[in-house]
Every structure is written in structure tokens, then in C-alpha cells.
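These notes are about the structure you will find just below.
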Amino acid sequence: MDNNFYEPRRETGTRQRQSNRQKTPKPFMARVIIIQLVLSLCVTGILFAVCRGDSTLSQNIKSFYASICERDMAASEILGVFKKVAQFTFAPSTEWDGTFTPEEQTSQQEPAGETTEVTGEKATFSPVYLTVNLQNPLKSGNITSRFGYRVSPVTGEYSLHTGLDIAAAEGTKIAAAYDGTVLKADYNRISGNYVIIEHSNTLKTTYNHCSLLLVKEGMRVKKGETVALVGATGYATGNHLHFEVILNGKYVNPLWVLNYGI
């Protein structure tokens, strides 16, 4: 008798609760989906407006994206990068060229051969495109170190590597990347024997750690002409060419304008 009394009540209550659970989620889920769609459209619209506009926020986002695409950052650096982006985003009066350096210091030094310390004022990670085709300075060779931040194999310090290291046998011919005038053909303790060729008012290339220089300052050279031989002079751990591209006074990634296919 007890079973007959309690069982129907249990079944009725269970059915009622099941019915409520089945009915309630439908309008609720519909509202959630609608809200998500509206938010997605709003976010997409904002991002589209920012990317299409020329506002300070737009420029900072573009510069930030271009910068991180060309370098690897430690976890500790990422926080500092986001802080810098926020700083320049909400302080329109502050100028920023979209580059990052481990130390916040200013360098007044003009590009002259390979350097071990270069600040954001003298380098950029943004993509570059030229209206002329540069020739690879070496016909063959292995790229052993790219443009970007690294721990220097010579000093052990974390610094910006301003060019492209291409390993090759000592005495390998180094070709001028393009027509130009030899701006410098000299020696210093960092670059060793080096050559700087001025191709235009805005474009220069440098060739460092050479074993022998075959040109002198003021000489006109043609694209593909041999200007030096590969060596390991200056700060070098082996025979290689350290090749740099300087555009508008800033070091840029040589792989943007060379055809090494890497």
C-alpha cells in the first residue's frame, strides 16, 4: 500500500521536473546564441575599423604585430611588450617606431659596420620591399644566424643581431648586392675588415669579417662585382659573412630582400 501511495507521486514529480528541464533551455540557449552573435559582430566591426583606420591605436597595433612576427620573445619580455603597447596606445603624444629593445637607451651612432648594440631608433622588424633586386652576396652558403635578438656567441650577451650570418669557406668571393659607391672599406675590432656600399641616398649594404678587401673608398662597383673575400676577422667564431641591409638609416632583415629562400 505504501508503494502504491508514494510511487505515483515520485513519477509525477520526476516527469514534471524533466518537462521543466526540457522547456527551459530552449529560450535560454537562443538568447545566449543571439548575444554571442551580436558580440562577435561588434568585435569584428571594431577590429575592422581599427585595421582600416589611421588612428594612433591602429598604427600601434600594426607596428606591434609586425614587430613580434620577426622575433622570438621570452615569457618575461611578453609582459613588457604589452605594457609598452598599452602605454603608446593611450598616450597619443608619445612616438614609437614599433620596435623593442632589452634596454631603453638611445644611440646616436650612425650605422658603420656590424655593431653589437643597436636600439630601436636604428633597427626595425617591419617588412620592407625594394624597387630593385639585390643579388645574394654569396652564391652559396649556410645561414647560421638570422636578423633578430639572440645571445651573442662571442660576448654571451643578449643583443640585436643586425644582419645575416652566412657561413662559407675562407676566401670565398663576396659580391656587391647592387650597383653603388664604396662608402667605407676599413677595419674595426668588431666587424674586422668590412665594406659599406651606398646604393642610393636611402639604401646601404655592409659586408663584415672579410679576410681581404678588394675595393677602396670612393670606388664605383657593379652588382655582382667581387668586393671582398670571406674570413673571420673581428668578433667571429668562424669563417662567415655578416651581411647587413640599412634602409633609411635603419637596419632591416636582409631576408626580406634576398633570395635565399629561407
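Rounded to the nearest 0.05, what FRET efficiency is calculated for T226 and W256 with R0 set to 25 Å and r the Cβ-Cβ distance? Can you show the working numbers first?
On the way: r = 24 Å, r/R0 = 0.98.
Here the calculated transfer efficiency is 0.55.
From the Cα gyration tensor of segment 154-262, with a ≥ b ≥ c the square roots of its eigenvalues, which class applies: rounded if a/c is under 1.5, or else prolate if a/b is larger than b/c, or else oblate?
Working: a/c = 1.43, a/b = 1.16, b/c = 1.23.
Taking the square roots of the gyration eigenvalues as a ≥ b ≥ c, segment 154-262 is rounded.
Please give, to one decimal in nm, the separation of the simple spin-label points placed at N201 and V132, each 7 Å out from Cα toward the Cβ.
It is 1.5 nm.
Contour minus end-to-end for E157 and S140, with contour as 0.36 nm per residue of separation and end-to-end as the Cα-Cα distance? Working shown, then result.
Values: separation 17, 0.36 × 17 = 6.12 nm, distance 2.92 nm.
That pair, E157 and S140, stretches by 3.2 nm at full extension.
Here, each number is a calculation from the coordinates, and none is a lab measurement. Everything numeric in this text was worked out from a predicted model, so none of it was measured. Cβ coordinates were reconstructed from backbone atoms using ideal geometry, including for glycine residues, and neighbour counts include every protein chain displayed.
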